[in-house]
1. Taking the range 220-278 as the region of interest, how many residues are part of a loop (DSSP other than H, G, I, E, B) and either within 19 Å of ALA206 (Cα to Cα) or in contact with a Lys or Arg (Cβ under 7 Å, 6 or more places away or on another chain) (or both)?
2. Going through the range 299-353 one residue at a time, which ones are outside any helix (DSSP H, G or I) and touching a strand residue (DSSP E or B) at 6+ places or on another chain (Cβ under 7 Å)?
3. Touching a Gly at 6+ places or on another chain (Cβ under 7 Å), of a type in the set (Ser, Thr, Tyr) and surrounded by fewer than 24 Cβ atoms within 10 Å (Cβ to Cβ) - does that describe any residue in the range 336-351?
4. Which condition breaks for ASP417 when tested against (1) of a type in the set (Asp, Glu); (2) away from the ligand (no atom under 11 Å from the Cβ); (3) in contact (Cβ under 8 Å) with a residue 24 or more places away in the chain?
5. Among the strands (runs of 3 or more DSSP E) confined wholly to the range 52-129, which include 2 or more residues that are outside the structural domain of LEU39 (by TED's automatic domain parsing) and crowded, with 19+ Cβ neighbours inside 10 Å?
6. Return yes or no: is ASP198 loosely packed, with under 12 Cβ neighbours inside 10 Å and more than 14 Å from VAL256 (Cα to Cα)?
7. Can you pull out the residues in the range 396-424 that are assigned to a loop (DSSP other than H, G, I, E, B), of a type in the set (D, E, K, R) and more than 30 Å from LEU218 (Cβ to Cβ)?
8. Quick check on the range 425-433. Is at least one of its residues in a loop (DSSP other than H, G, I, E, B), under 30 Å from VAL245 (Cβ atoms) and in the same structural domain as ALA280 (by TED's automatic domain parsing)?
Amino acid sequence: MELFSIGIGPSSSHTVGPMRAGKRFVDGAAADGLRPARLRVRLHGSLAATGLGHGTPGAAIAGLHGWDPVTCDPEAVPELWARLERLGELDINGMRLPREDVVFEPRARHFGHPNALTFEALSADGDPVRSETYLSIGGGFVQPAGEPEIPEGVAPDPSFETADELLAVAHGRTIADVARAEEAALGRDEGAVDQGLDAIWKAMDASIEQGIWSEGVLPGGLGAQRRAKALWKAVQEITPAGGAVEQRMLVYAMAVNEQNAGGGRIVTAPTNGAAGVIPAVIRYAVDEGLDQAGIRQFLLTATAIGSLIKAHASISGAEAGCQGEVGSACAMAAAGLTAVWGGTPAQVENAAEIAMEHHLGLTCDPVGGLVQIPCIERNAVAASTAVTSARIALMGDGVHLVSLDVVIETMRQTGEDMSSRYKETAEGGLAVNVPYC
Ligand code: SF4
């Protein structure tokens with residue numbers, strides 16, 4: 001369930017992760033009785049290259065204030081950075097943060113990872129007291145640099161590590177049943193799991209509604225207009241009434257991603273840039289009659305597929321390009337939809353494989369480093385691909401040549417081979433061909 005977390009836009013790796021890292025740093029210092037006079041933040045690699053467009057400095061500062069992505073006021077986060085720019089210095093619970101101590105190092109790559117940031121605690125004389133580097137590994141997950149990744153929300157001895165094993169252990173059960181058993185192995189009873197799933201859906205649905213009823217220009221200087229409200233109006237005029245089920249889904253996806261681009265509250269699914277795909281496909285199924293139990297089944301199935309992708313490839317645009325973000329979300333949504341449409345585990349695996357296969361090689365080249373173009377429309381297209389993948393899988397019997405495991409490994413290799421220009425650095429593709437000042 002950790003692949004779904006309530007957070008804020010516009011980026012899980014560049015906004016949610018840095019906020020969590022900042023909070024971990026100050027909480028750790030406080031736990032050790034450390035009261036530094038001054039703080040410094042160093043943003044490395046992609047966090048520096050596209051951090052301003054992603055609200056990274058404000059998010060890191062919010063974390064140093066002890067704010068949490070789940071509960072913070074989304075509008076107050078960018079204001080922290082604006083205030084530091086305006087005043088030249090902030091007081092963070094008695095610790096000074098001068099503007100010159102927020103340092104951007106786009107060429108620095110720490111511990112071989114594109115998304116790293118370092119927090120330093122300094123004495124009044126500027127002597128270093130403590131320094132910690134964190135890696136923002138995608139989906140809002142962070143880990144201290146140099147330490148092995150501790151998978152969050154994964155049982156110590158998972159019952160499956162590959163898609164093939166998942167199908168083997170399902171054996172008469174659904175994939176959602178297997179995912180629920182994994183949650184139980186983490187000590188979460190059924191009631192707590194359902195409560196968590198319902199809260200996730202409630203936040204997803206709220207982000208659709210807020211996105212549909214918002215308008216204006218998105219922040220960042222690109223001049224991109226929010227379009228969901230106007231598109232929603234156009235969909236209402238399609239006759240006969242109810243004849244625009246799939247068009248509504250496209251608007252849902254764009255509405256969520258406009259909320260994300262505007263820095264609003266969304267659910268990382270499995271990342272912020274891809275946050276529109278799964279809510280849109282669920283709401284599409286809800287419009288067609290999916291009930292609460294079905295929504296839970298959808299989310300649990302999607303979790304099982306997402307955990308495989310995260311474990312064996314990546315859900316981070318900075319590591320694997322957009323195939324890791326929107327491609328993963330599409331595979332998760334295709335699996336969830338196939339499950340609630342009555343597919344067998346083999347058909348669910350097939351749908352995820354189809355969805356992932358047709359995102360292989362997809363680059364990340366956001367114009368201006370903002371999660372707007374191509375991201376917003378891309379979520380709508382991926383929602384559509386998820387539905388198509390589910391339909392193809394359900395027409396077959398689940399037997400197919402290319403397995404999900406093979407596609408995930410191919411995605412990993414393709415991401416490794418991909419030039420860094422196409423991995424969330426805004427140095428290639430649309431990012432350099434679309435004029436942006
Ligand atoms: S192009 Fe894809 S990976 Fe890159 S920021 Fe947009 S949604 Fe994320």
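The values are calculated or read from the model by the stated rules, or taken from the named source; none is laboratory data. If you're wondering where the values come from, they're calculated on a predicted model, not measured in any experiment. Glycine also receives a Cβ, built like all others from the backbone with ideal geometry; neighbour counts cover every protein chain displayed.
1. Taking the range 220-278 as the starting set, the residues that turn out to be part of a loop (DSSP other than H, G, I, E, B) are 220-224, 226-227, 237-244, 262-264, 269-276.
Of the ones still in play, those that are also either within 19 Å of ALA206 (Cα to Cα) or in contact with a Lys or Arg (Cβ under 7 Å, 6 or more places away or on another chain) (or both) are 226-227, 262-264, 269-276.
Of the residues in that region, 13 qualify.
2. Filtering the range 299-353 for residues outside any helix (DSSP H, G or I) gives 313-316, 321, 341-344.
If the condition is that a residue be outside any helix (DSSP H, G or I) and touching a strand residue (DSSP E or B) at 6+ places or on another chain (Cβ under 7 Å), then SER314, ILE315, SER316, GLY321 are the ones that fit.
3. yes
4. Single failed check for ASP417: (3).
5. Details: elements: 89-92, 95-98, 102-105, 115-122.
Output list is empty.
6. Spelling it out, it is not the case that ASP198 is loosely packed, with under 12 Cβ neighbours inside 10 Å and more than 14 Å from VAL256 (Cα to Cα).
7. Step one: of the range 396-424, the residues assigned to a loop (DSSP other than H, G, I, E, B) are 396-403, 418-419, 424.
This time we only want the ones that are of a type in the set (D, E, K, R), so: 397, 424.
Within the range 396-424, ASP397 is the sole residue that qualifies.
8. Filtering the range 425-433 for residues in a loop (DSSP other than H, G, I, E, B) gives 425-429.
Those still in the list that are under 30 Å from VAL245 (Cβ atoms) too: none.
No, there is no match, as no residue in the range 425-433 is in a loop (DSSP other than H, G, I, E, B), under 30 Å from VAL245 (Cβ atoms) and in the same structural domain as ALA280 (by TED's automatic domain parsing).
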